[in-house]
Amino acid sequence: MRILTVVFAIMLATLQYHLWLGDGGFTELWRLNDAVAMQLDQNRQLEIRNRTLEAEVRDLKTGDAAIEERARSDLGMVGPDETFFQVIEPDGSYRRGLKKTAYRCLDKDKCLIPGFGQ
């Protein structure tokens, strides 16, 4: 009877080892669950980015306003009836990047910049 108990104990220990630490055991299950959760989070972030890019492409295909906005911000475009003003901030932020802004003015002597006069 004693030998039978030892054999069963060894079999139980072997099964427990495979259940907890072996291939297809709980540790691998937990690791795979964590990997799936991380992949789902990454997929959500990529879906948001894709929706943003799709909206930008749609805007660029359908309207001139998006193209003009892109040209103004990225290329510094100034229209033919506009005057270019470069505003440099007094706190030294001009060193990080110059702000380029174009304002429409009908008369160059009477052009008003928002925040600089009446």
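FRET efficiency for the pair residue 18 and residue 43, taken as 1/(1 + (r/R0)^6) with r the Cβ-Cβ distance and R0 = 30 Å, rounds to 0.40.
How large is log10 of I(q)/I(0) for the stretch 1-62 at q = 0.17, 0.24, 0.29 Å⁻¹ when the intensity is taken from the Debye formula with one equal scatterer per alpha-carbon? With no solvent term, the Cα-only Debye profile gives -0.74, -0.92, -1.03.
None of the figures in this text is laboratory data; all of them are computed from the coordinates on show. The shown structure was predicted, so the numbers you read here are calculated from the model rather than taken from an experiment. Backbone-built Cβ (ideal geometry, glycine too); neighbour counts: all protein chains shown.
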